[in-house]
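Undergrad: Following this message is one structure expressed as structure tokens.
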Amino acid sequence: MLIVQKYGGTSLGDGDRVRAAARRVAELHQQGAQMVVVVSAQGEMTDLLIEKAAQVNRRGNLREMDAYLAAGEQMSAGLMAMAIGALGCPAVSLTGRQAGIVTDGVHGNARILDIDVSRIKKELGSGKVVVVAGFQGCGPGDDVTTLGRGGSDTTAVALAAWLKADRCQIFTDVDGVYNRDPRLFPDAKRFSRISYEHMLRLIENGAQVLHDRSVEFARDAQLRVEVLSAFTGAPGTIVGP
Ligand code: ASP
Ligand code: MG
């Protein structure tokens, strides 16, 4: 059983939340699952980094922004691997490049073109949990690229597709996909299942629960993606055929 889990920024917002996620991962590993964990930058880290960059260069430099922003996810990956390791479960963190994620050269909005999963498979084979920094890859000329805001979802789904994972779980701060933003509309209704096409339409209309390209990858690979709450772990929404 190979499981890909992704944890978003809020789900890793502080040390307690990182440890809660690490416990879930370690438990599944102990039960015999191979675990690949994709992480976003903690909390509002990416927004903060964007603000800081604007303080030193108002016009921006897309290549350097990618180098800078990718660090947020790399910090999360190292932190998560340490949290998992502290539970006695061997874990290794990988950057997007180390994880074999190859993208085009569109800085700030790169597309994943290919994934060389050999390093991940080697680490899994040696019994480790593999923690991958989301949102980033390696473009032409060996440069760091990022996948666009919210792109860690796409890292997770693409990895699940390339690794032929048995499960792909996106842990977030809501307990599934709703017909309207549940944080604004208390009467919003949660889907227990939703089709790729319906999900893509919700995203077009502003839903932010999943990155659009993650749903496209899932559809093209006919992969079921579970969206669920990092806080309860209760069954959420399955995005599927
Ligand atoms: N940290 C990045 C962002 O805020 C990527 C992600 O969270 O998926 O857009
Ligand atoms: Mg997101």
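Undergrad: So, Gly137, is that one more than 16 Å from ligand 2 (Cβ to nearest atom), loosely packed, with under 14 Cβ neighbours inside 10 Å and not charged (D, E, K, R) or not?
TA: Answer is no for this residue.
Undergrad: Among (1) in contact (Cβ under 8 Å) with a residue 24 or more places away in the chain; (2) aliphatic (A, V, I, L, M); (3) in a loop (DSSP other than H, G, I, E, B); (4) away from ligand 1 (no atom under 14 Å from the Cβ), where does Leu184 come up short?
TA: In the conditions (1) in contact (Cβ under 8 Å) with a residue 24 or more places away in the chain; (2) aliphatic (A, V, I, L, M); (3) in a loop (DSSP other than H, G, I, E, B); (4) away from ligand 1 (no atom under 14 Å from the Cβ), Leu184 misses (1) alone.
Undergrad: Does Val174 count as of a type outside the set (Ser, Thr, Tyr), open to solvent by 10 Å² or more (accessible area, probe 1.4 Å), touching a Cys at 6+ places or on another chain (Cβ under 9 Å) and touching a residue at least 12 places away in the same chain (Cβ under 8 Å)?
TA: Against the criterion (of a type outside the set (Ser, Thr, Tyr), open to solvent by 10 Å² or more (accessible area, probe 1.4 Å), touching a Cys at 6+ places or on another chain (Cβ under 9 Å) and touching a residue at least 12 places away in the same chain (Cβ under 8 Å)), Val174 does not qualify.
Undergrad: Select from the stretch 1-16 the residues that are assigned to a helix (DSSP H, G or I) and within 15 Å of ligand 2 (Cβ to nearest atom) and list them in ascending order.
TA: Selection gives Thr10, Ser11, Leu12.
Undergrad: Let me ask something additional. Find all pairs meeting these conditions: Cβ atoms under 6 angstrom apart; at least six residues apart or on different chains; first residue within the stretch 38-64 and without any contact (Cβ under 8 Å) to a residue 12 or more places away in the chain; second residue within 10 Å of ligand 1 (Cβ to nearest atom) and assigned to a helix (DSSP H, G or I).
TA: Nothing qualifies.
Undergrad: Which one of the conditions (1) within 14 Å of ligand 1 (Cβ to nearest atom); (2) surrounded by fewer than 24 Cβ atoms within 10 Å (Cβ to Cβ); (3) closer than 14 Å to Thr146 by Cβ does Gly13 fail to meet, given that it meets all the rest?
TA: (3)
The values are calculated or read from the model by the stated rules, or taken from the named source; none is laboratory data. In this text the structure is predicted, and so the values were computed from the model without any measurement. We place every Cβ from the backbone using ideal geometry, glycine too, and count neighbours over all the protein chains shown. Each accessible area value is taken on the protein alone, full model and side chains, heavy atoms only, with ligands, DNA and RNA left out. Shrake-Rupley method; radii C 1.70, N 1.55, O 1.52, S 1.80 Å.
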